[in-house]
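Trainee: The structure under discussion is supplied below as structure tokens; questions concerning it will follow.
The values are calculated or read from the model by the stated rules, or taken from the named source; none is laboratory data. This is a predicted model, so every value here is computed, not measured. Using ideal geometry, Cβ is built from the backbone for each residue, glycine included, and neighbour counts are taken over all protein chains shown. Accessible surface is based on the protein model in full, side chains and every heavy atom, while ligands, DNA and RNA are left aside. Shrake-Rupley method; radii C 1.70, N 1.55, O 1.52, S 1.80 Å.
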Amino acid sequence: MDIVTCALAAGQTVTALATLTLQLLNHDGSNNSGYATRRDAREAVNELMRWLYKFQAFLGDKQRDNDSSRVSQDFVNQIRDFTFDIEDAFDEFMFNVPHHTHTTTTLRFAHEWKYHVRSELKKLCSCRDDIRNRIQSQNELKRLLNQVRPGQEASSSSQETTLTHNIVEEEGMVDFQSRHQDRLVSQLTNTDQQRATILVVGPGGSGKTFLAKNVYQDKQVQGKFDCHAWIHVSQSYNVETLKEDMFKQLSPRNSTEHTSLYYKRYLVVLDEVWRKEDFNAFANALPRNSKGSRIIVTTQKIDVADPNQSNIHRMGKLHPDEAWNLFCMKAFRDRNGVCPDELQSSSLEIVERCEGLPLAIAFVGTSLSKKQPVLHEWNRFCKSLDFGTNLSVMRRILQPSFEDLQDNHKSCLLYLSLFPKGYSIKRQRLIRSWIAEGFVKKIGGQTLEDIAETYLNILIERHLVQVSEQEIDGQVRSCRVSNPIHEILVSMSRGGSFSKVLEFNDDDTDSSERVRRLSFQNGITKFRCNKNWSKVRSCFIFGQQDDADNSSSSRRSLIVRTFRKSSSSGTAGNSLKTVIENFELLKVLDMQDTPLKDFSKTVGKLVLLRCLNLSYTQVQEVPGSIENLVFLETLNLKHTHVTNLPKGIYELHRLRHLLVSYRDDGEEQGVEVSKRIRGLSSLQELSLIKVNKSRTIKDMGHLTQLRKLRLVGLTKELGEEFCESIQKMKGLRTLDARAKTEKDYVYSDCNMEKPPVEIHRLYLKGRLDLLPRFINSKLQNLVKVGLKGSKLPANAMPVQPFEALPSLMELEMVEYYTGEELVFRAGKFNSLKILHIEEFVELSMVVVEDDSMPKLEKLTICKCKNLKSASPDIFSREPPVEFSHDEMNEEFISNLQRGKKSKNFDEQGLEPGIGSSQYHQ
């Protein structure tokens, strides 16, 4: 069934390609000598699409029937190849025809003849004739195709599911193991002062991580420890990088100085440890103090730590009663976990086939919760769990959930097979790659980015993808797939020729494979391309395993994983040359985090490239040949050495994301743009742009589709133009504006009558006389505000404008106010969860009135040297507010300790915020 699944995925991409081809063919041509050829080509495209619809319907029938006979598989293989041939024909046509427009018909068609367009049109006809003849020569295949009815979705899900950012919590994933949880909590909170290691051992899918996470996030558990850290180790990691991360979590302000941990009770979770030396690397780096510190290790191998010196929790299969309760809680959540009588028998059989694995039961229950609770649906689902193959139980359990997805959702999920096991992938990076591949269908007035985010939320909601990090409002920041699912996706993708993973020194270049996507997971030093591999659409190149990191990449993308630090820029440069020479139909090229310096001029040969990510490389200059990449949608050059852009950038009218920045003296800097930037009207995201002229600000006003804008170089004199341009961007969701210097004003009090009401995040860095008047109750969607260096005068009302923001959840203020008193009035800030106050040099009193900030979860105050006290009520709330402070005067600390009101604060811990090095990253 892998081939069926991957062939269906390919069909989705081909449909989009055919539409684009027809648009080009219909552009003109009715009054020129090539009209007959164009007409024939249009007819060929339409016939190829009719064949494709039949292919899709045929494959859908095979998927629903679970027909795995040898004859059926042979037909499926042929149809997969037909689909690939059609895709190649369309892409090669788009690759070879000219795309630059000209002002006159004469010039345009002279240009077309120069590039042999007529020959390319004939090739489309030849492809149609070849497929027609091959089908006609096989009577049985012809008969089968004539029986299918095009137009039926292969997936059983017929309606797009609309989800919000509220990801389904893992409720119940640990409740069924209360005996483990109670015992684990007891071991963490007992009075034994010796450092202890606790092993949580079990097979993939047994709930190890869910149990550890549930206990780790428990407020009462966290309140017993001075500091805590969660580290996901996996099989591919860099020990020094992860140790650095661990110490940052334990001591954010002094991550290089570990002596303070000798006097603290710390809790560290090492998730997914595979080798004893991995555990020792972390355990030996931590002080073996007598403060009651604890280390929790989740693993599939009991020998990663000394079992004689460890407390062990064995996570095996669930008891039948526990399995039944978990299933009912997931499948019948709308019925309070009660199974209808008529579904009892089939439900019991489904649970039995899950073999007691919690993760498998959660998958199945969640999938069935989306279906009508009727007997025939349950029976069909139950039947699909038995393939009679050698697949593992997790594979058998995953298959129905996977097949229940729409075809474009399946493609998006399979795409994750290109990333290394345990890899955490940034949301935007993944979404841009999906769009470039053509997996995302346009729906109504929504942007492709919003639709793709809905796809991701669907995969998360079905427990196929896990959230690694999320924003304060629940939006996914990064994600990953669990190891069992990753293994299944890699197997399915390779079996169906969707993608192939090449490990270190892997020379497995089987000439019979029709590879569409490649992932080089230990560099590209040893590679021989063959004919069938020349049609690669996405290629990921990762560096050697011992220097892996948590950045993501994507293939029609090329993903490049981090190279060893000892690797030379020449290695990365050779990788880029290899890609350009062998993969001319590439659509996604991602070389993030490699030591690439030379941005080869030959990149202009990758005409079909849509997503190019060279962020965090050493690239210094963008070649002029970039103008040939007329289909380019994403150009990511963040944190490179690029300081200016070539004129050819302004020829890329399909650009949706233009991201460029470099560092100078530790500060992130932007690049200048010409007035031609106004022509890039499809831009959704623009960052980081240097605006030292009023003209540049005015040009921004033409980019009315922008959703995210980051600017640097603002001065008070540019205020009027700034306001005028910003209010034209009706859909703007993130605005990051920075003054030219710390002495400059980032904003003047101009009148923005119609601010972008869709804005979610606002960051202002620079001087302010008073808060912008557009920050008012009209901004119903504003979730996060960051202000740095504002230095509002003492007579200003520093927080009153924020009181009227109904959705504000996070407020970060650094060097923001010069007054002595900060008052949060009663009944205000009803949604605020995180408050950060830093470097208020004159501040002596923080007043929090009754019922102010009722949902506050975290308060950080630091570097306020004159602050002596804060309202004590805030430190005695239930549930307790997590409180962090740093570099405060002795009187403030003494008042806190004397009142014994702060039940949960860390004398040193400070999470990264607007005042930290991570601000605006």
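Trainee: Quick one: if the Förster radius is 56 Å, what FRET efficiency do Thr241 and Val338 give, using the C-beta to C-beta distance and rounding to 0.05? Please list the in-between numbers first.
Mentor: Working: r = 48 Å, r/R0 = 0.86.
The computed FRET efficiency comes out at 0.70.
Trainee: Send over a whole-number figure in Å² for the accessible area per residue of the stretch 245-366, probe 1.4 Å. Could you put the intermediate results ahead of the total?
Mentor: Values: 5470 Å² over 122 residues.
For the stretch 245-366, the solvent-accessible area averages 45 Å² per residue.
Trainee: Follow-up. Any chance you could run the full-extension gain for Arg275 through Arg380? It's 0.36 nm times the residue separation minus the Cα-Cα distance, nm to one decimal. Mind showing how you got there, number by number?
Mentor: Details: separation 105, 0.36 × 105 = 37.80 nm, distance 4.19 nm.
The Arg275-Arg380 span can extend by a further 33.6 nm.
Trainee: Just flag the trypsin sites (Lys or Arg not before Pro) in the stretch 248-296 sitting in loop per DSSP whose Cβ has no more than 10 other Cβ atoms within 10 Å. If you can, show how the numbers build up before the last one.
Mentor: Values: sites: Lys248, Arg253, Lys264, Arg265, Arg275, Lys276, Arg288, Lys291, Arg294; in loops: Arg253, Lys264, Arg265, Arg275, Arg288, Lys291.
Passing sites in the stretch 248-296 are Arg288.
Trainee: Still on this model: Percent of alpha carbon pairs in the stretch 779-841 separated by more than 13 Å?
Mentor: Of all Cα-Cα distances in the stretch 779-841, 62 percent exceed 13 Å.
Trainee: Can I ask one more? Summarise the accessible area of the stretch 683-830 (1.4 Å probe, protein heavy atoms) by the percent that is carbon and sulfur.
Mentor: Answer for the stretch 683-830 is 45 percent, counting heavy atoms of protein chains only.
Trainee: Can you give the accessible area of Glu471 in Å² (nearest 10), computed on protein heavy atoms with a 1.4 Å probe?
Mentor: 40
Trainee: Keeping every protein chain in place, order Lys601, Lys865 by accessible area at 1.4 Å, biggest value first, i.e. largest first. Provide the component values of the computation, followed by the final result.
Mentor: Working: Lys601 165, Lys865 120 Å².
Result, largest first: Lys601, Lys865.
Trainee: Relative to the compact-globule scaling 2.2 N^0.38 Å, provide the ratio for the alpha-carbon radius of gyration of the stretch 238-325. Walk me through the intermediate numbers first.
Mentor: On the way: Rg = 15.7 Å, N = 88, 2.2 N^0.38 = 12.1 Å.
This ratio for the stretch 238-325 stands at 1.30.
Trainee: Follow-up. Determine how large the accessible area of His702 is when every protein chain is in place; take a 1.4 Å probe and give Å² rounded to the nearest 10.
Mentor: 90
Trainee: For Asp699, Asp665, give me the order by solvent-accessible area with a 1.4 Å probe, most accessible first, ignoring ligands, DNA and RNA. Intermediate values should be presented prior to the final figure.
Mentor: Details: Asp699 0, Asp665 150 Å².
Result of the area sort, largest leading: Asp665, Asp699.
Trainee: Under the rule a/c < 1.5 gives rounded, and otherwise a/b versus b/c splits prolate from oblate, where does the stretch 613-714 land using the Cα gyration tensor?
Mentor: Here the stretch 613-714 falls in the oblate category.
Trainee: Let a ≥ b ≥ c be the square roots of the eigenvalues of the Cα gyration tensor of the stretch 754-903; is it rounded (a/c under 1.5), or, if not, prolate (a/b larger than b/c) or oblate? Don't skip to the end; give the middle numbers.
Mentor: Numbers: a/c = 2.11, a/b = 1.38, b/c = 1.52.
Here the stretch 754-903 falls in the oblate category.
Trainee: Jot down the per residue volume, in cubic angstrom and as a whole number, of the convex hull over the alpha-carbon atoms of the stretch 187-302.
Mentor: Values: hull volume 11.1 nm³, N = 116.
For the stretch 187-302, the hull spanned by Cα atoms encloses 95 Å³ per residue.
Trainee: Where Lys and Arg each count +1 and Asp and Glu each count -1, what net charge lies around Asn280 among other residues with Cβ under 13 Å from its Cβ? If you can, show how the numbers build up before the last one.
Mentor: Numbers: positive: Lys243, Arg275, Lys276, Arg288; negative: Glu277, Asp278, Asp303, Asp306.
With Lys, Arg at +1 and Asp, Glu at -1, the net is 0.
Trainee: Something else: Report, to one decimal in Å, the Kirkwood hydrodynamic radius for the stretch 688-825 based on all distinct Cα pairs.
Mentor: Working: mean 1/r = 0.0668 Å⁻¹.
Kirkwood hydrodynamic radius for the stretch 688-825: 15.0 Å.
Trainee: Averaged per residue, what accessible surface does the stretch 651-803 expose to a 1.4 Å probe, in Å²? Present the calculation step by step, with values, prior to reporting the outcome.
Mentor: On the way: 6240 Å² over 153 residues.
Roughly 41 Å² per residue, with all protein chains present.
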